[in-house]
Amino acid sequence: MVDEYCDDNDCVDTFGSEFSRTQFEDDLKIIKTSNDDYNMAFIEDVTGFHKFDTSYGLHKFPGRHEIDKADKSSGAYLEIRKNTWEPCHVPYLYLREIVLATSSNRYFGPDYFFGPAIRKDHTGNILGTKSVWVSVGNPDRNLSFFQHQEEAERMLAEFKRELDRYSIKPHYIVSSGYEYTVFFVLRNICLAPFADWFMIKHALSKMAKVDIPENAIAELVRMPGSTSYQMYEPMQYIEITTDNYSESSEFYVRDFEKIVRDYS
């Protein structure tokens with residue numbers, strides 16, 4: 001079915017010009033893998049994307065094509081980046097196609113990233129998020145790839161042991177080969193000004209012995225189903241290595257009170 005907002009020349013050029021929006025539905029069914037639905041469910045769980053009102057986000061697919069000015073101030077969008085290109089802000093309507101396009105391009109080398117915090121417009125302003133995440137690994141550029149792997153595994157094991165002391169188990173862990181991104185899904189969506197979110201993020205980052213990035217709520221992480229290419233190092237498949245998620249296991253903010261107190 002062709003969306004009325006897309007013309008015959010619309011391409012998802014952020015993900016590869018070979019994919020025409022008018023051909024998406026048929027073409028992507030052919031290349032769909034068994035993990036695509038799983039990766040889409042993961043993105044929904046950690047972002048809460050499907051819980052935001054996206055009724056105002058129905059417009060031309062936001063690639064390099066011009067987006068109607070009337071749509072720029074409303075809706076909910078997932079921020080996607082390919083390598084270091086300009087961000088692409090995607091309405092929920094296109095999430096499945098983004099996941100399929102990402103996995104179909106995994107052998108061609110681009111790195112794909114997404115923002116676990118949902119954007120409220122095309123300038124990247126944050127609307128809210130459903131999770132807290134921590135990237136665990138050693139950023140020292142002097143380490144070899146295999147040293148990065150060993151360091152990330154050691155740091156993750158220590159982080160999980162410390163979390164066990166507080167009876168907290170991560171819902172998802174995503175591996176990129178040289179670091180892990182650990183997700184804790186919250187019962188309620190966090191909205192601005194994100195005070196509770198930042199306290200939890202700071203405490204968990206300190207527990208994991210990693211630095212909290214500047215403007216952490218807008219941080220981008222690697223997208224499951226894609227690949228990571230580092231110069232002179234082996235290609236790594238971005239995959240979910242731990243899944244403890246269920247709706248009944250979602251955390252309340254108060255579940256992190258002891259951690260926040262001890263690591264403040």
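Read-outs throughout are calculated quantities, based only on the coordinates presented, and are distinct from any laboratory measurement. Predicted model, so just to flag it, every value in this text is computed and none were measured. All Cβ positions, even for glycine, are placed from backbone atoms using ideal geometry, and neighbour counts span all protein chains on display.
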If each of Arg254 and Thr84 carries a label point 7 Å out from its Cα toward its Cβ, how far apart are those two points in nm?
-> 4.7 nm
Please report Rg over Rh for region 101-161, where both radii come from the alpha carbon positions and Rh follows the Kirkwood definition.
-> 1.08
Please sort 214-225, 140-151 by packing, taking for each peptide the average over its residues of neighbouring beta carbons within 10 angstrom, highest first.
-> 214-225, 140-151
Whole-Hz couplings from phi, Karplus 6.51/-1.76/1.60, listed for region 113-121; x for Gly and Pro = 10, 9, x, x, 8, 6, 8, 9, 7
Give, as a single signed number, the net charge of other residues whose beta carbon lies under 13 Å from the beta carbon of Val174, with Lys and Arg counted +1 and Asp and Glu -1.
-> -3
Neighbour net charge for Asn244 - beta-carbon separation under 13 angstrom, K R +1, D E -1 = -3
Residue separation between Ala218 and Phe146 times 0.36 nm, minus their alpha-carbon distance, gives in nm 23.0 nm
